Every structure is written in structure tokens, then in C-alpha cells.
Amino acid sequence: MNDNLKPSSKTLHAPNSNRKQGAAITPGPVFSSTFHTHGMPENAPYQYGRFHHPTWEHLESKLGELEGGETVIFPSGMGAIASVLTTILESGDTVIMPNDGYYPSRAYVEQFLIRYGIKMRLSATTDMANISFTDVKLVFIESPSNPMLDVCDISDICAKAHKAGALVAIDNTTATILGQNPLNLGADFSIASDTKALNGHSDMLFGHVASRHTDAINRIRDWRKLSGNIPGPMETWLVDRGLQTLDVRLERQVKNAHKIAEFLVSHTAVKSLRYPGLKDDPSHELASKQMTHFGFIVTFDLGGTEAADHFMANLKMITDATSFGGTHTIAERRKRWGTDDIPDGTIRLSAGIEHIDDILRDIDQALDKL
């Protein structure tokens, strides 16, 4: 592939794209679990669907071009996260996890890895650059954090962690690879739940890990093979199709999110609001330094459970659901899950691609009924 292509073009073109006369522009999924393998297995590019697959290879090559590192795909974002935590950490190792990020990430360590002798320390995202990384094996970051959109200095953390002998993994789901490149900022592992914006249509669970460490990525690939944590060819193909429109969807979503934030920030019903794109937001300065866009999520507090639930009940177009990053505008009262240490009235809103006038009208009429 032409190395001078912009990231938005790389979402469309895999480096191994077939440019032979009559070749399909969008190759379809290969529906086979078994491949002809004559003689020694290593002489065949594919042998069995749990080991490797041509449909995986096409998407992984695209994602690798975007990430700047070798990529392994998984059937969910948590599958991708678990692959890094499980293959990198050994008994006696310490991992630092964010106490304000996606709860299942640290729950996986708490419920499964700690009993095998792995130790966990917690840190707020904004404090991550100021803690000691001595005797730490892995520093796990989520920036911007979900749901409060705090940002940390990724390059600074990576430099300090590496000096102490630690590796750094970043959950890049909220920023996406088009909004922030973790490997270029110094991280060892870039992880994303492609269920969210990368696929973008709220119809598929998926995830991936990228790294420039060949030995580590080989262990991750072996873990996928031996654990059976593999994506199907149809799901892989659908995510590949969603990736092709990521850039144009993000352009609309980010623009909508900024306008929503500007509308909400001065509304009398809103007690507080977080959006890195606003100049007075605590995350703005760092986000401007290391991100190419400010994201599609707006988080705001309506002051309590009753007000937040009333707001959600009165929305007419915006969907009440727990995911984010899709074409539809989605919101939810996050505290209903009981896992985040946030105000009871916190609403996480993910801007979709609807016309901004329709989104703002729906928000406005729901707020008017509080």
C-alpha cells in the first residue's frame, strides 16, 4: 500500500488488497472452518478456522496500517482486554488499573487474575502520571475515561513507566484510532472495543489489540487460538464494512457532540458537564495535545436519580441504551449499573449522525419537563 495514504483512506484499503483485473473491490467473508492442507501444515497459509482465517487477515491488515503495529482481532472488546491482561501478567506481577474507567476491565482482574497471584493497584486517570511505577509489570490506561472523559498525558506516562521497566496498555475505545494513536504516543498495546464507533452500527460485538512487540503479539495470538476466543467470518466482514465509513461518521458525530455540549453547558437543569472540546473543560488542554478530535461523548449531571430518570423517560428520538459510538444518538443514566463512582444524576450521551436540530430538539423538550 502507498504509505502516504491518509488514515481515512486506509480505512478503505487493506495493504494486501487484490488489484488484479476483475478482482472484487470488497471481498466477502470466507465461510469455511477447514482448509486444504497437503503435506506439512506450515506449507499451507490456512489450516483450520481457530488458528487463522483469510477474512481475519484482511481486517487485521487494515487495522495494522491504522494502528502502526501488528493487530489481532477478537469477538469482543473484553476479549481483547483479557488477552493482554492474561498473556502479559504472571503470578506476583502488579498491574495498575484506572478506578474511573470501564468497570469490567478491573473486574476481570479482581474476579479472575487476583486469585492466581496477580496484584492490582488502582489510580484515577488524572493521577496516573504522578504515581510510582516501581515493581509494576503493566500500566493500563483509559483516556478519555469512560464515562467522565478525564484525560491523562499518555506520552509522559509511557516514558515514566518504561523507565521503571513497566509496559503500558491503553483502552482507546472512546477516542478511536482516528482520534488518537496510542502506539505513536509510546504505548506498548493499543486496545479497542470495536463494538462501539469502529463498527459503528450497534449490531456487532468485536475488539482488537495492536502492538509493535512481536513476541507479545505472538503470545496474544496463541492465547486467542488456544482459548477459542475467535471472531466469526461474518462478524469480521461486517466490522470491516463498518470501518470503511468510520471517518465520515466521526466527522458528523464529533460535530454533533460539540454542539450538544455547547447547548447543555449553560442550561439551568444541568449541574455539571464534561466534554473535552470545550475550552474550559479540565481535559481540553491535554486532549488538544494528543487527540485529533474531541470525541462523540458528552457527560452531564442533572442533579439526582429522579431528574435523570425523568429526562430519559421523556426522550422521544434518543435511545436509552448502554453502549455508545453508533449511528443512533444514545443516552443512559450511568449510575443505574451501580459500578461507577459518579453522581447519581449522571447522563452519558453518545452523539449519533442524526441532524443536529433533531437531537437538540429532543434534548430540549425532555429537559423542559423536569
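Every number in this text was worked out from the coordinates using simple rules, so none of it is lab data. Quick caveat, the model's predicted, so the values are computed rather than measured. Glycine gets a Cβ as well: all are built from the backbone with ideal geometry, and neighbour counts include every protein chain shown.
Over all distinct alpha-carbon pairs, what is the Kirkwood Rh of the chain in angstrom?
Details: mean 1/r = 0.0467 Å⁻¹.
About 21.4 Å for the chain.
What are the ³J(HN,Hα) values, in whole Hz, obtained from phi via the Karplus relation 6.51 cos²θ - 1.76 cosθ + 1.60 with θ = phi - 60°, for each residue of the range 219-233 in sequence order, with x given for Gly and Pro?
Once θ is set to phi - 60°, the couplings for the range 219-233 become 5, 5, 5, 5, 4, 4, 5, 7, 7, x, 8, 10, x, x, x Hz.
In the chain, what percentage of the DSSP-assigned beta bridges are antiparallel, given to the nearest 5? Intermediate results must be reported in sequence, preceding the final value.
Details: 23 of 40 bridges.
Restricted to the chain, the bridges split so that about 60 percent are antiparallel.
Around residue 304, which amide H atoms from residues at least 5 apart in sequence, or from another chain, sit under 5 Å from its own amide H, with H modelled in the peptide plane?
When sequence neighbours closer than 5 places are left aside, the close amide H contacts are 345.
With label points built 7 Å along Cα→Cβ from the Cα atoms of residue 114 and residue 370, find their separation and express it in nm.
Calculated label separation equals 3.6 nm.
By how many nm would the segment from residue 266 to residue 107 lengthen if fully extended, with 0.36 nm per residue of separation less the alpha-carbon distance?
Values: separation 159, 0.36 × 159 = 57.24 nm, distance 3.63 nm.
Fully extending the segment from residue 266 to residue 107 adds 53.6 nm.
Working from the pairwise distances between different alpha carbons, so that the mean of 1/r is found and then inverted, what is the range 162-302's Kirkwood radius in Å?
Numbers: mean 1/r = 0.0587 Å⁻¹.
For the range 162-302, inverting the mean 1/r across all distinct Cα pairs yields 17.0 Å.
Stretched out fully, how many nm does the piece from residue 132 to residue 184 gain, at 0.36 nm a residue minus the Cα gap? Kindly include the intermediate steps, with their values, before the conclusion.
Values: separation 52, 0.36 × 52 = 18.72 nm, distance 2.30 nm.
Net length gain for the segment: 16.4 nm.
Which of the peptides 296-304, 157-165 is most tightly packed, and how do the rest follow, judged by the mean count of other Cβ atoms within 10 Å per residue? Each step should come with its number before you reach the end.
Working: 296-304: 23.8, 157-165: 17.0.
Ranked from most to least packed, the peptides come out as 296-304, 157-165.
Enumerate the lysines that residue 10 could reach by cross-link, defined here as Cα to Cα under 29 Å, with residues fewer than 8 away along the same chain left out.
Answer for residue 10, where 29 Å is the Cα cut-off: 20, 62, 196, 225, 255, 259, 289, listed by chain and number.
Please work out the FRET efficiency for the pair residue 227 and residue 355, using the Cβ-Cβ distance as r and a Förster radius of 56 Å; give the result to the nearest 0.05.
0.80
Give a residue-ordered list of calculated ³J(HN,Hα) values for the range 67-76 (Karplus: 6.51 cos²θ - 1.76 cosθ + 1.60, θ = phi - 60°; whole Hz; x for Gly, Pro).
Going residue by residue, I get 6, x, x, 5, 10, 10, 9, 9, x, 6 Hz, with x marking Gly and Pro.
Sequence-distant or interchain residues sharing an amide H contact under 5 Å with residue 74, placed H: which?
207, 208
What are the ³J(HN,Hα) values, in whole Hz, obtained from phi via the Karplus relation 6.51 cos²θ - 1.76 cosθ + 1.60 with θ = phi - 60°, for each residue of the range 81-90 in sequence order, with x given for Gly and Pro?
Calculated HN-Hα couplings, in order: 5, 4, 5, 6, 4, 6, 8, 8, 8, 10 Hz.
Give me the distance between the Cα centres of the range 270-308 and the range 231-247, rounded to whole Å.
29
Taking amide H positions as placed 1.01 Å from N in the peptide plane, with prolines and chain starts having none, which residues 5 or more places from residue 196, or on another chain, fall under 5 Å of its amide H?
Excluding prolines and chain starts, which carry no amide H, there are no hits.
Counting only helical runs of four or more DSSP H residues, what would the 222 nm mean residue ellipticity of the chain come to if each run contributes -39,500 (n - 2.57) and the total is spread over all its residues? Walk me through the numbers on the way to the answer.
Details: 11 runs with 120 residues, N = 370.
Taken over the chain, the calculation gives -10000 deg cm²/dmol.
Cα-Cα pairs above 13 Å in the range 126-196: how many percent?
Numbers: 1505 of 2485 pairs.
Result: 61 percent of Cα pairs exceed 13 Å.
On a straight-distance basis, which aspartates and glutamates could pair with residue 119 in a cross-link, Cα separation under 12 angstrom, same-chain partners fewer than 8 positions away excluded?
Partners found: 90, 93, 110, 135.
What ranking do 91-101, 139-149 get when scored by the average of other Cβ atoms within 10 Å per residue, highest first? If you can, show how the numbers build up before the last one.
Details: 91-101: 19.3, 139-149: 26.1.
In descending order of packing, they fall as 139-149, 91-101.
Using all C-alpha to C-alpha distances in the range 1-93, build P(r) with 5 Å bins and read off the rounded percent in each one.
P(r) for the range 1-93, in whole percents per bin: 2, 11, 16, 18, 19, 16, 10, 5, 2, 0, 0, 0.
For the range 231-370, I need the span (max minus min coordinate) of the C-alpha atoms along each principal axis, in Å, sorted largest to smallest.
That works out to 45, 33, 33 Å along the principal axes.
If Lys and Arg each add +1 and Asp and Glu each add -1, what is the summed charge of the other residues whose beta carbon sits under 14 Å from the beta carbon of residue 259? Could you put the intermediate results ahead of the total?
On the way: positive: 252, 255, 361; negative: 251, 262, 354, 357, 358, 362, 364.
Residues close to residue 259 contribute a combined charge of -4.
Using per-residue counts of other Cβ atoms within 10 Å, averaged over each peptide, order 130-136, 309-315 from highest down. Walk me through the numbers on the way to the answer.
Working: 130-136: 14.1, 309-315: 16.0.
Those peptides, ordered most packed to least, come out 309-315, 130-136.
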